[in-house]
Structure formats: C-alpha cells, structure tokens
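Since the structure comes first, as structure tokens, the remarks are kept for the end.
Values in this text are rule-based calculations from the coordinates and carry no lab data. Predicted model, so just to flag it, every value in this text is computed and none were measured. So basically every Cβ, Gly included, is an ideal-geometry build from the backbone, and we count neighbours across all protein chains shown.
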Amino acid sequence: MNILLVSPSQRFVYGENIKPPYPSIGLLMIGAVLLKINHKVKFIDIDADEINETELIYYLNIFKPDLICLTASTPTFKSARRIAKIIKKNCQAKVVLGGIHATVDPENCIGDKNIDFLIIGEGEITIKKLVNFLECDRVDFYKIKGLWYKEGNGVVKGASRDFIENIDDLPFPAWELVNDLKKYHPPGAIHDKVISIMTSRGCPFNCTFCSAWLIAGKKFRTRSKESVIEEIKYYIEKFDIQEIHIMDDVFTLEKSRAIEICQEIQANRWNLILSFANGLRVDSVDDDILQALKGAGFKDLGFGVETGDEKILKNIKKGISKDQVRRAFKLTKKYNFITWGFFIIGLPGETEESIWKTIDFAIELEPDFAKFLILKPYLGTEVYSELQKMDAIKNFNYDNYGVYSGPVHDLPDLSSDRMQLLQRRAYLKFYLRPKKIFQHIKNLKNITQIKSYLLMIKFAFIKIF
C-alpha cells in the first residue's frame, strides 16, 4: 500500500513565523512500523516542508496514497481537519487520525465526516492491524483494539488496547522519512541537525494540568540501555548527528538505569550535545545523577517548578515541595549546568498575590532562564474538569490552545487580561535586573556560547511581547 503520513501545521502551537521544533516522533514511529512490513511510506510536515493546499493536492495526485495517517494535538486539530477535507475532495484514500487529541476527544474527532478511523492511545500495533485488514479487504474492524470507525450512520468503538509492555520490540523512528532535518529548530539547539529520541514511556505522577499520561499511561515503561545506545549510534553513523534531545517525561525516574545510559554514552566518546525537551523533576536528581548527566554531554537542565505558592503546589498534585526545588537548583548549579525554571500562571486558586509569589520564587532560585507560561486546560486533565465546574473556561476555540497563546479562562480572583499582564511583568522583573543582565554578558565567552544564549533568549521570549 501507498501510505502518506501528514503532520499538520503547528502555527497555532508556537506562532505564525516560528519553525516547528521537531518532526512528529509519533508519526515517525508509525512510519517505521509500516516500512518494516514493506509498505511504501512518505512523510509530509506542512510547516517544515512549506506545503500549501495546491502543493498538497499535487502530492496526492503524484503519490496516490491508499491510506493517509494524520496526527493531532489539541491546538493542531483544526489544521488536521482542514487537511482531511482537502484529502477527501481530491483522492479516495482512507483517513486515520491519531495522537493525543484523538485519545482525549474521540467523539468530536470521529464526528468529522472526513475522518474514517481513529487510533486511541499508542498506535504502533493498531495501525499495523488496520493496514493488514485493509490489504485483505476485511471490514470487521471491530476486532481491532484501539480503533474507532464509522459504519453506516453510526460509530463502532473498538475495545481499549493495552499499553505495549516491551517497547524494545518497537523499531527506531523512521527519521529517513524526514525531508530536511535542518528545517526544524528545537529550543536552544546548537547544531543545525537534531534528532529526538524516547527512552521510556509513561509517567506515574498525578499533575492535574498534564495530559501526557492519557496516551502513554501511568506505568513507567523503559527501553533497555542496549537499545538506547544502539539507536544513538545508528543516528550518529547514518545522519552524522552531533546533538540529541530526549523526549521522556521522567528520564531519571529509575536512577540506576539513567546513570548506566549516561555512562555508556560517555564511554563511547561521541562528543554529543544532549538535552531534555521536557525537563526533569526536582525530586529525581542528586549528585550521582548530575555527575552522570554532565559526563554524558548535557549542558543545560530544566525543571518544572510551576508555582511559588505552596498551597497551589499541593493542589496541582505535583508531589514536590519548594525546599526540594531549592535543593535541585542548588545542586544543578554546583555542576555548572545552564539552568531553566518553568512556571505556570493561571492555575486554579491563582490570585495576583500567588503570581507574585511565583515571580519572587523564580528570582530566589535564580535559574539562568525562566519561562512563565499561561495554563492551558487540556481535555482529559483534572484541571480541565475543575475549571469546567467553575464555568471558568471562556474560549473553546482549539486554535487558541497553543503554548504561547493567551489565556482561555478566567478565575474568580483573576481575569484573563490580568493574567497576561502579570505574565509580561514576570518576564520584565526576572530578566531586566542588573544582576541578570550582567550574568548573561559574563557567560558569553565564545561564539558557541553566544549562539546558545541568543537561541535560549529567543526561546524564553517567544510570543510574549
């Protein structure tokens, strides 16, 4: 079969003129599974490949796909719908939608007349079975777990699929499908080609604002050290990669495994630059972990602090204390990492006073860089349910649920306009201090560091002013 993988535009996630940071690793995993069973697979990224509607139609006519796989997060769902509509007008291919939004909002997704199938949860096994059924002209799709589909005027909802226990069994993502790695711009990347990897899936924690567990589960499932090292070696040899970003939610949860992977990377003397795309938990670092990360090639580390208000920190079920945050930053600075602090404005219970506590806490911690993001209440999260009960969510246009868009909710003691104003004040108070300005100037010792710092400053201030 000819199978086309399409990553919709992320302009509502990051902004109009911002290049996507990474290709969809989920689609590249699907591509790897399909290539392994000898299908012809192509990958298009609407943003990175700069594909407009006319070019997409031309591509459909040339490639003649039998099946088209789309992925969508909440802020890219409307873009995915537009693509599905173009597809159905111009070819006979079946359309399957996967990704986090299909999992958290399946009723709305399958209600789109241009979407034939939904993949709920992890997609690697489900897509393989769906393609096998289509090849054999089978229509008893109800036998496929994790699949929803239309039948007549109704919808058939397949049974839930269990999470993949041994993720070592999965192939490496098909990065060879990406047209040009240089079209992607990960935050703070030094090199013009970066590959991202996942060494684990699942997160056992209960943060009320997070939706990642809805697609990956609560159980922490890990790949073996050997598999991770083999993947890194493959990318170095095939793509001449010098920089790798790890996409795990909780890489350091199993201390011994994390240290072993880092030691093996160091032993291979690859001279890699490494980074964590999603940061680390403050309660999962200590001297041993930090020494191992430093030796492996990590230059910067970020932590999800979220808030400087102890009451809100408890309410969001982060499972950490401010003292643990202080300890993590102190330790990390001891090993001369560039440090990031990530904070959320607009959590339930937030007031103007609590936001100033967060700003003051950020200044106390003194990370090299801080990001103050406004909460987005994603479907399926506890915080979404909490705000819904309060009738606090005022904007249900998914185009406005991107990382850098404004608030979509009000709070009893805080309007959306006030949140946005205080977000700007947070950036100004944190960065426009003589101490902070002098610190950044002092750290610019060579061209590499200048480039790194300029990229980090750009990342910190995206869409704020």
What residue among Val13, Thr332, Ile125 has its Cα farthest toward the positive end of the dipole of the chain, where the charges are +1 on Lys, Arg and -1 on Asp, Glu, each on the Cβ? Thr332
Can you figure out the FRET efficiency of Cys136 with Asn179, using R₀ = 25 Å and their beta-carbon distance, to the nearest 0.05? 0.20
Once phi is turned into θ = phi - 60°, what whole-Hz ³J(HN,Hα) does the Karplus curve with 6.51, -1.76 and 1.60 give for every residue of region 184-191, x standing for Gly and Pro? 9, 9, x, x, x, 5, 8, 8
Taking the Cα-to-Cβ direction at Asn268 and at Gln439 and moving 7 Å from each Cα, how far apart do the two end points lie in nm? 3.4
Using θ = phi - 60° and the Karplus relation 6.51 cos²θ - 1.76 cosθ + 1.60, list the HN-Hα couplings for region 173-182 in order, rounded to whole Hz, with x at every Gly or Pro. x, 7, 5, 5, 7, 6, 5, 7, 4, 6
Tell me, what HN-Hα J-couplings in whole Hz come from the Karplus equation 6.51 cos²θ - 1.76 cosθ + 1.60 at θ = phi - 60° for each residue of region 127-132, using x for Gly and Pro? 5, 4, 5, 4, 5, 4
Efficiency of FRET from Cβ geometry, Lys429 and Asn90, R₀ 45 Å, rounded to 0.05: 0.30
Under a 5 Å amide H to amide H cut-off, with H placed in plane at 1.01 Å, what residues pair with Gly98 once short-range neighbours are removed? Leu70, Thr71, Ala72, Ile119
Which whole-number percent gives the relative contact order of the chain, counting Cα pairs below 8 Å spaced six or more residues apart? 13
Let me spell out the model: positive unit charges on the Cβ of Lys and Arg, negative unit charges on the Cβ of Asp and Glu, origin at the Cα centre of the chain. What dipole size does that give, in debye rounded to 20? 640
